[in-house]
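S.K.: Submitted below is the structure of interest, expressed as structure tokens.
The values are calculated or read from the model by the stated rules, or taken from the named source; none is laboratory data. What you see is a predicted model, and the numbers here were worked out from it, not measured in a lab. Positions of Cβ are generated from backbone atoms using ideal geometry, with glycine treated the same way; all protein chains shown enter the neighbour counts. With ligands, DNA and RNA removed, areas are computed over all heavy atoms of the protein, side chains included. Shrake-Rupley method; radii C 1.70, N 1.55, O 1.52, S 1.80 Å.
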Amino acid sequence: MKALFAFVLLLVAIPVAAETVALRAGAVIDPASGTIERNQIILVNDGMITAIGAAVSIPAGSRVIDLSHEWVLPGLMDAHTHLTLTEVTGDAPFESFYIKESTTYRAMRGLHNAQTLLDAGFTTLRDIGNSGEYAMQDVRRAIEKGWFVGPTIIDAGKIITPFGGQSHEIPPEQGSFWKYEYLDADNAAEIRKAVRTNIYYGAGVIKLVLDNSPYHYSLEEVRAAVDEAHRAGFPVAVHVYGGEAADTAIEAGVDSIEHGFFLTDTQLKKIHDKGIFLVSTDFPRALLDVIGTSGGIFPPPEVLAPKILDRLTRAHRLGVRIVYGSDIVMERPGQTRADLMFDYLAVWKQAGLSSMETLKGMTSEAAQLLRVDGTRGRIARGLAADLIAVPADPLADIEVLRRVDFVMKNGRVVRQGVRGTP
Ligand SMILES: [Zn+2]
């Protein structure tokens, strides 16, 4: 009898299923469909959402997390980060941030920033270049290995530009030192090689700069990038403010316009018709005042701030698919990057986006641009359990995103409770 008992114990001990976590959610918001459901049970098993609904029963032995007084929504996404970069603000030379920092040092900063953003509710980030010698690739790999807790990261590798990176007026005797940070590519063949180089080193998106120099890529050149990237299964993001370079980007069929501060209505209509995403990087005026011209990359704040708001208002009115991207490259005393990123919400509100539209741009729309919509961006059965909770209704006041008090990444509770001060 004793032996039989031991045998039975052994049998039940072997096939231990992964722990089931049951979330009791007061409300679940689905920005993709624009709906809200009350009193939902979400079951999470092995990192995945296995069931969701009001009538779902909680299996015996589950770990129950009570979010019954909370609003639960998909983890946030930022489609335009530079996690390894902290810019020297004011009118310091643009190159200041990379000429004195090693790739190793920047990888550590990237990991630190990735964790800071995850803690604030950003479960997926698209890092859009500027990481020295592929620092973000190692950050991504270390997180994917499980060495560190972090968000899902899609990384652009080195930014592809016409000769000169994003540098201006560097004397010839200095050499093209920006190659530490950029890939110069000056014809279609060089662009194809640059795209392949980035993909070889692990890029999940290709980033081109189109109008940061007096000479712009031709249609043929941008098409070469799009063709090469798309054949390998990756989207193309272009830094462009407007003008003829924006026409080229739109015509070439890129996947996202980054910034697009000076886009005309005609261009925005074409962007809409072609299904191109606008990653609008809508810096609030107060932040622009700190950033300055970013060493000549930005127009002065008094010019740029009204342009940003006007362009976002028109893009929204014309039905352009807008995706949240912060382009944040700094912290301030007492404010993390995440705190500064939530300042963008006020600009979106001012431009006429509803709270639901804002959440869509920060979740399901971003997931489509990042090509992770098969696994993330919604709270749905079969998707990864990337979700957050806030203590009040974000549809009534989007600013409550600053008070995310629950973060789950791939089914693992990253934080429950109030976010710490920096
Ligand atoms: Zn940027």
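S.K.: For the Cα atoms of the chain, what angle does the longest principal axis make with the long axis of helix 265-274, in degrees from 0 to 90, nearest 10?
M.R.: Roughly 50 degrees, rounded to the nearest 10.
S.K.: Go through the stretch 293-299 residue by residue and turn each phi into a ³J(HN,Hα) via Karplus (6.51, -1.76, 1.60, θ = phi - 60°); whole Hz please, and just put x for glycine and proline.
M.R.: Using θ = phi - 60°, the values come out as 8, 6, x, x, 7, 9, x Hz.
S.K.: What span do the alpha-carbon atoms of the chain cover on each of the three principal axes, reported in whole Å from largest to smallest?
M.R.: If we take the Cα atoms of the chain, the spans are 88, 47, 42 Å.
S.K.: Sticking with this structure for a sec: Using a 1.4 Å probe on the protein chains only, how many percent of the accessible area of the chain belongs to carbon and sulfur?
M.R.: Exposed carbon and sulfur together represent 55 percent of the surface.
S.K.: Measuring with a 1.4 Å probe in the full set of protein chains, what accessible area per residue, in whole Å², belongs to the chain?
M.R.: 41
S.K.: Same structure again: How large is the translational diffusion coefficient of the stretch 275-343 in µm² per second when you combine the Kirkwood radius over alpha carbon pairs with Stokes-Einstein at 25 °C and 0.890 mPa s?
M.R.: 189
S.K.: What order do you get for 150-159, 201-210 when each peptide is scored by the mean count of other beta carbon atoms within 10 Å, highest first?
M.R.: Order by mean packing, descending: 150-159, 201-210.
S.K.: Under the definition of Cα pairs under 8 Å and six or more residues apart, what whole-number percent is the relative contact order of the stretch 116-201?
M.R.: Normalised by residue count, the contact order of the stretch 116-201 is 30 percent.
S.K.: Could I ask something else about it? Which angle from 0 to 90°, rounded to the nearest 10, does the C-alpha axis of helix 243-252 make with the longest principal axis of the chain?
M.R.: The helix 243-252 is inclined about 50 degrees to the chain.
S.K.: From the helices alone, meaning DSSP H stretches of at least four residues, give me the mean residue ellipticity at 222 nm for the chain, per-run term -39500 (n - 2.57), in deg cm²/dmol to the nearest 500.
M.R.: -9500 deg cm²/dmol
S.K.: For the stretch 27-44 and the stretch 211-241, compute the distance between their C-alpha centroids and round to whole Å.
M.R.: Cα centroid of the stretch 27-44 versus Cα centroid of the stretch 211-241: 38 Å apart.
S.K.: Hey, another quick one. How many angstrom separate the Cα center of the stretch 394-413 from the Cα center of the stretch 146-172?
M.R.: 29
S.K.: While we're looking at this one, here's another question. Quick check: the angle from helix 188-200's long axis to the longest principal axis of the chain, C-alpha only, nearest 10 degrees?
M.R.: That helix lies at roughly 30 degrees to the long axis.
S.K.: In the stretch 350-422, if every C-alpha pair distance is counted and binned at 5 Å from zero, what percent goes to each bin?
M.R.: Histogramming the stretch 350-422 at 5 Å steps yields 3, 15, 20, 24, 22, 13, 3, 0 percent.
S.K.: Test of understanding: in a Gaussian network model of the chain with alpha carbons linked when under 10 Å, which of P299, P394, P172 would top the mean-square fluctuation ranking?
M.R.: P172
S.K.: Can you compute log10 of I(q)/I(0) for the stretch 178-312 with the Debye formula, treating each Cα as one identical point scatterer, at q = 0.09, 0.13, 0.15, 0.22 Å⁻¹?
M.R.: Summing over Cα pairs of the stretch 178-312 leads to -0.27, -0.57, -0.75, -1.32.
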